[in-house]
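Before any comments, here is the structure.
Every number here is computed from the coordinates shown, using simple stated rules; none is lab data. Only a predicted model underlies this, so the values are computations on that prediction, with no experimental measurement involved. Ideal geometry is used to build each Cβ from the backbone, glycine not excepted, and the neighbour counts take in all protein chains shown.
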Amino acid sequence: MINPERQFTFINQLTHHTPRQPFMVECFATWCGPCRQMAPHLAQLHAKYPKFFIVSVSSEDQDKVTEFVQNNPHCQKFNVAVDSQKKAAGLQQKYSVNGIPHAFIFDENCQVVWQGHPSEAEPEIVKVLKNSESAGFVGKSRVL
């Protein structure tokens, strides 16, 4: 089970994940052109869905990701972390993911309910939020 608060080392953390809150883990690399192109989209999703926690995770070293975030204003508008415990890498292996960017959406029970390219995630975000509200989640990410 993934717990984004405990299993990633945050470089940029604007919000905290709260219990039973749906979330997305987006896997990226600083050298990946398509990943860089997703930054404005992820910033937009973060602003549009405050009840949904988003974290973009890299398996690169912390200094490299920190420098990348500092030099990319869009990346300063959503949560970015390093995969310090290799949990995102484990997800990619479990689901036979061979390319990035790649996103995993988790429901209020921390179960993967969707995976795919982050540019296609928004309809699934809407669906998981609707389902989580039906299940009783009414909170949102705690702002730091």
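Which value in nm describes the separation of the simple spin-label points at Ser84 and Cys32, placed 7 Å from the Cα toward the beta carbon?
With each label point 7 Å from Cα toward Cβ, the separation is 2.1 nm.
Based on alpha-carbon centroids, what's the gap between the range 66-110 and the range 1-55 in Å, whole number please?
7 Å
Size of the dipole of the chain about the Cα centre, Lys and Arg at +1 and Asp and Glu at -1 on the beta carbon, nothing else charged, in debye to 20?
300 debye
As a quick test, which of the pairs Lys64/Lys127; Lys51/Lys77; Lys48/Lys86; Lys86/Lys130 have an alpha carbon distance above 25 angstrom in this structure?
The pairs that break the limit, which is 25 Å between Cα atoms, are Lys64/Lys127; Lys48/Lys86; Lys86/Lys130.
Cβ under 10 Å from Arg20's Cβ, Arg20 left aside: what net charge do those residues give with Lys, Arg +1 and Asp, Glu -1?
Local net charge: -2.
Could you work out the relative contact order of the range 1-136, using alpha carbon pairs under 8 angstrom and six or more residues apart, expressed as a whole percent?
Computed over the range 1-136, the figure is 34 percent.
If the rule is a partner Cβ under 4.7 Å, which cysteines in the chain fail it?
Unpaired cysteines in the chain: Cys27, Cys75, Cys110.
Local charge sum around Asp61 (other residues, Cβ-Cβ under 11 Å, Lys/Arg +1, Asp/Glu -1)?
Computed value for this residue: -3.
For the range 4-136, build the charge dipole from Cβ charges (+1 Lys, Arg; -1 Asp, Glu) around the Cα centre, then report which of Leu45, Ala103, Ser132 sits farthest towards its positive end.
Ser132
What residues have an amide H closer than 5 Å to that of Cys27, excluding those fewer than 5 places away on the same chain, when H is modeled at 1.01 Å from N in the peptide plane?
Answer set, sorted by chain and number: Val57, His102, Ala103, Phe104.
What is the order of Ser58, Ser119, fewest Cβ neighbours within 10 Å to most?
Ser119, Ser58
Restricting things to alpha carbons, find the Rg to Rh ratio for the chain using the Kirkwood radius for Rh.
Value, to two decimals: 0.93.
Could you give me the ³J(HN,Hα) list for the range 108-125, computed from phi with Karplus coefficients 6.51, -1.76, 1.60 and θ = phi - 60°, whole Hz, x at Gly and Pro?
Result, rounded to whole Hz: 5, 9, 6, 9, 5, 10, 7, 8, x, 6, x, 5, 9, 7, 4, x, 6, 4.
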